[in-house]
Structure formats: structure tokens, C-alpha cells
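Asks: So that we are looking at the same thing, I have put the structure below in C-alpha cells.
The values are calculated or read from the model by the stated rules, or taken from the named source; none is laboratory data. Computed from a prediction, not measured in an experiment: that's the story for all the values here. Cβ placement follows ideal geometry from the backbone for every residue including glycine, while neighbour counts extend to all protein chains displayed. The accessibility values were calculated without ligands, DNA or RNA, using every heavy atom of the protein model including side chains. Shrake-Rupley method; radii C 1.70, N 1.55, O 1.52, S 1.80 Å.
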Amino acid sequence: MFAQTKSPRDDAVAVDAMRNPVDKSYRRMVEGMELFEKRHRLAPDAALRFKLLPRHRDTDMRDIQVEIVGESSAIPIALAPDNTFALERRAAALKENASVRPNRKAKTMTWRAEIRTPGLPAGVRRLGDLRLECEVGMQAGLISNYRPMLFGLLDPFLREGPEYCRRTEPRYLFFAERPIFGVTLVAGERREALPVERLYGGASRDPRWKEELPYCDCEVLMDRAYFMPLGDSSWPDDTRVEFDYMDGKS
Amino acid sequence: MRFIPLVFVVLTGCAALSPAPSSRESKPLGPAEVRSAQAASEAISVGKSTKADVRAALGKAVVVDFESGYEVWVYRERSPEKAKPPGTELVLLFAPSGILAKTRIR
């Protein structure tokens, strides 16, 4: 168990108290890891990590502690400064149907898979990495929306699993490092900017987007959110995904 | 009296040279629509135009505003009725200062 019992902020909880934590099923996350190995060809040079992201403006993302918590044990997980972590397969934790549990309350954070091919310049991702992030995220149950039919987007398909990511235009939300103005796909000579309706959770087509925002795990990440044409096979896995950030030069 | 036939000829000539406006062009623009994204982008200035300037020049936009103070404004070209969306769009970014910071046409 964690030594810390006092919370620096309201959204922090002592892990040993465990009331209403923002946890995920360890078993499902291991299933995500297994899928990563099975589909590793999408991102052959990348490793799998999981990432914690804020759900509220006042979520304290500093000094988070994460454990695998089962009936008989609690195993600390090393969290990197960017709030990513790797999991190991542990038979005992699987047997006890353990949870992966940060010391924060439910609905204060969300989760994503983090799969990055090394060596890419800043402001560039690789489409195959994002394809695999979606598949692992769906398999591991990382999305944390709390209302069906959110934005008319993803929720009806949550039960579909990773095959949802193979649709031409899945509405799986990715989050860039910083607020984005544009996202462009580049494969050889071919360049194509995403339409604005594929940025910001589709807000430009939904006049009621602010009403639904509290139910979305993108609540404080809307200006960083984008969808990708993951299932469009005309874009190879090596396609570069280039970001034009709001605070960057044109 | 000689002048009247000349005026008549000139006016007739104009009518013959100008194509009749298509139904697409003659229909009034809807909210956040522009006839030409390129022409619209040329009517505003990055680093200078304010939100009021842009609204005066292009009309009402679809606005996506963020807590950071940044705002994204979207204008869409009117597409042929059977065209598959999304059509050509002009996307503007206003900095928290209210000044136009970036534009792009897709």
C-alpha cells in the first residue's frame, strides 16, 4: 500500500481507503497487452505504455501513485514524469481479478494506450502507432465516458472491441500534446489535412457540444482531440501525422 | 433620339455576355457559408483582423471556443447539392487577444 494517506488536493484519495477510485480492470489491460503483441506489426519498433490524462481542469496530475490492487496484495507501478507506465503480467493479480488503481477519485482522470515509434520529430506521430493505440485502448477498456450516445460518437460501439478501430472513420478520440489547429496526413507525395469536423470531438458539427462535454473523457482535452481515418487502408502504417499547434507558428 | 438605340444595344450586349446566375449562386448564403473560401481568406488579415472585423467581412461563423481563450471559427463553401461533405472549408484561429492568429483552407 502507499504510505501517503493525506491528499494534496480534493481529487486525490489515499489508496488504502479506496472509495470510488479511478481504476481499471487489470485483466482487461493485460488483454490489451496481449493484443499489442498480436498486432505489433502495426508499430514494430514501438513499446506499449499506458497513459493517465486529466478529466477535470483541477485534477492534480502531479505525484500520482499507481498500484495493482488485488485481494491479497498491492503492487506499486513505476509512473514516468509524463504519467505513462508499463504493466507486467502477473498471474496472482489475474487470479484475484485485480484493479489498476491510481490514487485519484473516479471521473478525475482518463486513460489511453501510448505507443510511439522512437525517432520521430516533435509534432509528428505515425498512423500505425495510432491504429494500435486504438485497438489496445478498446480491448483494455480505457475509454471513460459516462453517458451513452455521447456526441452520437463512440459509446454505442464500446462493446465492439478493437475491430471498431478498423472502421474507415472510427470516432476514437486521440489527444495531441498541445492544442491543435490542424492535423495533416503525409504519405510520400500525398498530403491531406483532416477536416475540422474531425478535430475537437466533432464540435464544429454539433451545436450542443458543450452540454455533453461533462460526460466525455475529453472534457478538458477538447482542444487537443482528433479522430483519424484508421481503417482507410489507402494510408499506410508509416503515414506521418503532422500537427499544427495553436501556439506554434504557421 | 439617336442616343436611345445605342443605350439599348449596350445593355443587351451586357446581358448576352454575362452568364445567367446558377441557382446555387443566386440562393442566399446560409449561416457560416461563403461563396469562395479563397476570396474570404483574402478579405481578412492574420495578425490584424479582430473578431468584429471578420464577422463584418464574412458574416456569422460556426464557433468552437475553448477555455484557454482560443477560438476556432469555421466557414464552409456552399457545395453542389449532391457533393459529398465535407466541402471546402476556411478555418480561422483567434488568439485569446481576439486577433486572428492563423487561417487555413481545406
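Asks: Just the residues that are surrounded by fewer than 18 Cβ atoms within 10 Å (Cβ to Cβ) and either touching a helix residue (DSSP H, G or I) at 6+ places or on another chain (Cβ under 9 Å) or at pLDDT 90 or above (or both), please, taken from the range A:156-170.
Replies: Passing the criteria: A:F157, A:L158, A:E160, A:G161, A:E163, A:R166, A:R167, A:E169.
Let's see how each residue does on (1) within 9 Å of another protein chain (Cβ to nearest Cβ); (2) open to solvent by less than 30 Å² (accessible area, probe 1.4 Å):
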{"site": "B:A37", "(1), (2)": "no, yes"}
{"site": "B:V46", "(1), (2)": "yes, no"}
{"site": "B:R55", "(1), (2)": "no, no"}
{"site": "B:Y75", "(1), (2)": "no, yes"}
{"site": "B:F94", "(1), (2)": "no, yes"}
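Asks: Among the listed residues A:P229, A:P214, which satisfies the condition of being surrounded by fewer than 19 Cβ atoms within 10 Å (Cβ to Cβ), under 20 Å from the mean Cα position of the chain (by Cα) and either without any contact (Cβ under 8 Å) to a residue 12 or more places away in the chain or facing chain B (nearest Cβ under 10 Å) (or both)?
Replies: Exactly one of A:P229, A:P214 is surrounded by fewer than 19 Cβ atoms within 10 Å (Cβ to Cβ), under 20 Å from the mean Cα position of the chain (by Cα) and either without any contact (Cβ under 8 Å) to a residue 12 or more places away in the chain or facing chain B (nearest Cβ under 10 Å) (or both), namely A:P214.
Asks: Then there is this: Conditions first: (1) under 24 Å from A:E219 (Cβ atoms); (2) part of a loop (DSSP other than H, G, I, E, B). A:K51 passes all but one, so which condition is the exception?
Replies: (2)
Asks: Which of the residues spanning the range A:232-245 are open to solvent by less than 10 Å² (accessible area, probe 1.4 Å) and within 21 Å of the chain's Cα centre (by Cα)?
Replies: A:T239, A:V241 - these are the residues of the range A:232-245 that are open to solvent by less than 10 Å² (accessible area, probe 1.4 Å) and within 21 Å of the chain's Cα centre (by Cα).
Asks: Within the range A:30-40, does at least one residue satisfy the condition of being aliphatic (A, V, I, L, M), assigned to a loop (DSSP other than H, G, I, E, B) and in contact with a Leu (Cβ under 8 Å, 6 or more places away or on another chain)?
Replies: no
Asks: List the pairs whose first member sits in the range B:28-46 and is within 16 Å of B:V63 (Cα to Cα), whose second member is open to solvent by 50 Å² or more (accessible area, probe 1.4 Å) and assigned to a loop (DSSP other than H, G, I, E, B), and whose Cβ atoms are under 8 Å apart, counting only residues at least 6 apart or on separate chains?
Replies: Pairs found: B:P31/B:K60; B:A32/B:K60.
Asks: Can I ask one more? Could you pull out every one of the strands (runs of 3 or more DSSP E) wholly within the range A:97-155 that has 2 or more residues that are open to solvent by less than 10 Å² (accessible area, probe 1.4 Å) and either touching a strand residue (DSSP E or B) at 6+ places or on another chain (Cβ under 9 Å) or modelled with pLDDT under 95 (or both)?
Replies: Those strands (runs of 3 or more DSSP E) span A:99-102, A:109-115.
Asks: Among A:G188, A:G182, A:G201, which is the only one that is closer than 22 Å to A:L142 by Cα and either within 10 Å of chain B (Cβ to nearest Cβ) or not aromatic (F, W, Y) (or both)?
Replies: None of the others qualify; the one that does is A:G201.
Asks: Report yes if A:L185 is over 25 Å from A:P214 (Cα atoms), at pLDDT 95 or above, open to solvent by less than 10 Å² (accessible area, probe 1.4 Å) and touching a Cys at 6+ places or on another chain (Cβ under 9 Å), otherwise no.
Replies: So A:L185 does not fit the description; no.
Asks: If A:A176 satisfies every condition in (1) away from every other protein chain (no Cβ under 13 Å); (2) free of Cβ contacts under 8 Å to residues at least 60 places away in the same chain; (3) open to solvent by less than 10 Å² (accessible area, probe 1.4 Å); (4) not polar (S, T, N, Q) but one, which is the exception?
Replies: Result: A:A176 fails condition (2) only.
Asks: Report whether or not A:L52 is open to solvent by less than 30 Å² (accessible area, probe 1.4 Å), aliphatic (A, V, I, L, M) and under 18 Å from the mean Cα position of the chain (by Cα).
Replies: yes
Asks: Is there a residue in the range A:66-88 that is open to solvent by less than 60 Å² (accessible area, probe 1.4 Å), out of contact with any helix residue (DSSP H, G or I) (no Cβ under 7 Å at 6 or more places or on another chain), part of a loop (DSSP other than H, G, I, E, B) and modelled with pLDDT under 95?
Replies: No, every residue in the range A:66-88 fails to be open to solvent by less than 60 Å² (accessible area, probe 1.4 Å), out of contact with any helix residue (DSSP H, G or I) (no Cβ under 7 Å at 6 or more places or on another chain), part of a loop (DSSP other than H, G, I, E, B) and modelled with pLDDT under 95.
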